[in-house]
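Colleague: Got a structure here, written out as structure tokens. Questions coming.
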Amino acid sequence: MTESAARRVELIARTAMRLVAERGLRGLTHRAVDEAAGLPAGSTSYHARTRARLLEITLRHLADETTRQLAPLAEALPGPGDGPPGTPSPWSRDALADVLADFVHTGITRDPARMRARYELALESVRRPELRAIYDELSAAFHRFAATVLTRAGSPEPARHARTAIAWTDGLIFDSLVGGGAASPPTREELRCAATEMLAGLLDGPTTTDSASAPDGVR
């Protein structure tokens with residue numbers, strides 16, 4: 001694919017993602033993408049012959065964009081003791097609560113279109129195996145990043161805790177954008193308090209081994 005063709009495919013995918021967020025999957029057509037992107041008629045059909053292909057490049061764009069955003073953050077994470085002497089680690093629990101609160105608040109207030117498109121495409125991927133594979137890549141990127149952060153925060157079981165943290169963030173964003181909480185989404189400060197409580201439950205709670213060995217009635 002030439003560079004100009006790649007740029008056009010990216011424009012088509014980015015425009016399609018916006019249309020999915022605004023109109024839902026029923027509003028995503030080749031003609032609608034051409035019009036919204038300001039492209040000549042037939043441009044989208046040329047690069048994505050079928051609707052399935054259009055959905056695929058749209059979700060691939062979302063997954064690639066997310067991976068590009070997470071990669072430098074993961075690389076910049078400090079290891080234990082990386083901070084200057086006498087200063088707290090940049091990824092202390094308080095710092096991590098700030099990161100989680102900012103992530104959720106951004107998804108609710110500044111990036112709602114991307115999140116709505118993601119939810120629409122997630123549901124569609126249940127019925128389309130070719131989309132499921134791409135969506136699983138996106139989920140894996142989130143999980144790796146969350147596990148890395150939680151490892152630096154002292155989690156004894158980062159893989160398991162990452163699943164809980166992702167469910168917490170996704171659940172809050174979903175509820176605040178399209179669920180019952182949409183009428184009164186949480187403030188940034190409310191999110192920080194909730195993140196602090198969630199992290200305390202993860203990092204101060206019993207491990208799987210402790211829970212499994214506890215006597216009945218104590219777990």
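The values are calculated or read from the model by the stated rules, or taken from the named source; none is laboratory data. Bear in mind that the values here come from a model prediction, so they are computed numbers and not experimental data. Ideal geometry is used to build each Cβ from the backbone, glycine not excepted, and the neighbour counts take in all protein chains shown. Heavy atoms of the whole protein, side chains included, go into the accessibility calculation; ligands, DNA and RNA do not. Shrake-Rupley method; radii C 1.70, N 1.55, O 1.52, S 1.80 Å.
Colleague: What spacing in nm lies between the two simple spin-label points modelled at Tyr46 and Val178, each 7 Å away from Cα in the Cβ direction?
Modeller: 3.3 nm
Colleague: Same structure, new question: With r defined as the distance between the Cβ atoms of Ile166 and Thr106 and R0 fixed at 25 Å, what FRET efficiency is calculated, to the nearest 0.05?
Modeller: 0.95
Colleague: I've got another one for you. With a 1.4 Å probe and all protein chains kept in place, how much accessible area does Arg14 have, in Å² rounded to the nearest 10?
Modeller: 110 Å²
Colleague: Applying 1/(1 + (r/R0)^6) with R0 = 30 Å to the Cβ-Cβ distance of Glu190 and Arg132, what FRET efficiency is obtained, to the nearest 0.05?
Modeller: Efficiency at R0 = 30 Å is approximately 0.30.
Colleague: Shape of region 103-194 from its Cα gyration tensor (a ≥ b ≥ c, root eigenvalues): rounded if a/c is under 1.5, otherwise prolate when a/b > b/c, or oblate?
Modeller: oblate
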